[in-house]
Each structure stands twice: as C-alpha cells, then as structure tokens.
1. Restricting to the range 6-63, name every residue that is of a type in the set (Phe, Trp, Tyr) and in a helix (DSSP H, G or I).
2. Where residues in the range 129-151 are at pLDDT 95 or above and aliphatic (A, V, I, L, M), which of them is surrounded by the fewest Cβ atoms within 10 Å (Cβ to Cβ)?
3. Please verify whether GLY107 is modelled with pLDDT of 85 or more, surrounded by 15 or more Cβ atoms within 10 Å (Cβ to Cβ), not aliphatic (A, V, I, L, M) and not in a helix (DSSP H, G or I), treating the condition exactly as stated.
4. Based on what the data block shows, is LEU128 in contact (Cβ under 8 Å) with a residue 60 or more places away in the chain and not in a helix (DSSP H, G or I)?
5. Pairs under 7 Å by beta carbon, first residue closer than 15 Å to ARG114 by Cβ and without any contact (Cβ under 8 Å) to a residue 12 or more places away in the chain in the range 37-64, partner among the charged types (D, E, K, R) and loosely packed, with under 15 Cβ neighbours inside 10 Å, six or more apart or different chains?
6. Among the residues of the range 51-67, count how many are in contact with a Cys (Cβ under 9 Å, 6 or more places away or on another chain) and not aliphatic (A, V, I, L, M).
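The values are calculated or read from the model by the stated rules, or taken from the named source; none is laboratory data. These numbers were taken from a predicted model, which means no experiment stands behind them. Cβ coordinates were reconstructed from backbone atoms using ideal geometry, including for glycine residues, and neighbour counts include every protein chain displayed.
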Amino acid sequence: MDDGSLLEFLPILISVLFTFGLLALGFFAGTAVEKKHFRDIRRREAELSQLLAVNFRKLPTGWQAADARLVTGSVVVSLDYFKRFLAGLRGIIGGRVKSYEPLLDRGRREAMLRMKEAARAAGCNAVLNVRLQTSTLASGRRDGKGVAGIEILAFGTAIRTASS
C-alpha cells in the first residue's frame, strides 16, 4: 500500500473505530448503571416488603379501611446505545429481544416501588387493585420510527386499615 491509499482508508478506519467505541462505551456505561439501579431496587423492595400491593378488587375479609386514596408510581426509561443496537439487529433477524427484558423488569419494579412509597407517605399500609400500564414514547427521528423510551405506570387504591 502506498501513502495515498492509506490516507483514503483512514476516514473509514476512524469511522469504524468510532462506532465500535460508542458501542463499547454504551455497553460498559449501560451495564454499570443497570447494576446500580438493580441494587437500589432490591434495597428499596426490602424496605417496603411489609407494605402489601395486591390486585384484589375488594378488601379481604376482616379488613376495615380507615382511609383510602389513589396512589401512582410512574417511571420513564430508555435503552442505552448498545442495547438499542442489539435490538436493531434482532429486529432484522426476528425473535425474542432479550436486551429489552431487563429494561422492562427495572421499569415495572421501579414504578411499583414509587407507588408503594406514595402509599407509605400517605400513611397507608396496603395497596389494593394494583394495575400496571405501559406506553412507548416515540423517538425524535424524522421518520417517526423508533422508540425513545417507555413509560410504566403503576396505580392502585392505597388503604390504611383501622387496626393500624
């Protein structure tokens, strides 16, 4: 190879290295953030383990509500660059998109925790009729395709039992 062909190849090499660098950065940063968030979720779930959150529509037999109110917990989460890349590849091939599963798990658990924290802040000790709702947020792409993130909403009726 002469110096002229090396100079023509250099922009391509820089572009490839930049792309792989972004993917590596997305992988390592996303993994670190995800692990930290899961640790925080587990800690908060342990703190709130005594506050029941169930999908019963009616009070269990023997319970008497002294107070009842609607409580919600909402979270918006987005994929990191690396997982977005993997999901794009899976979209071409088809099949199960495993890179989304931890994101959805974190989102559901975080929304439930926020709902339970709202119930505890209101002095309640249980949440009945718990429901989860998920919606996608469109990306800012000009073609209108893609997903910028997802919102997960947890809601239910928080009660304070008369015996509390």
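1. Matches in the range 6-63: PHE9, PHE18, PHE20, PHE27, PHE28, PHE38.
2. LEU132
3. no
4. Criteria met by LEU128.
5. Note: no pairs meet the criteria.
6. 1
Residue-by-condition table, conditions (1) within 20 Å of MET112 (Cβ to Cβ); (2) modelled with pLDDT of 85 or more; (3) surrounded by 13 or more Cβ atoms within 10 Å (Cβ to Cβ):
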site: LEU25; (1), (2), (3): no, no, yes
site: ASP67; (1), (2), (3): no, yes, yes
site: VAL71; (1), (2), (3): yes, yes, yes
site: SER78; (1), (2), (3): yes, no, yes
site: PHE82; (1), (2), (3): no, no, yes
site: ARG90; (1), (2), (3): no, no, yes
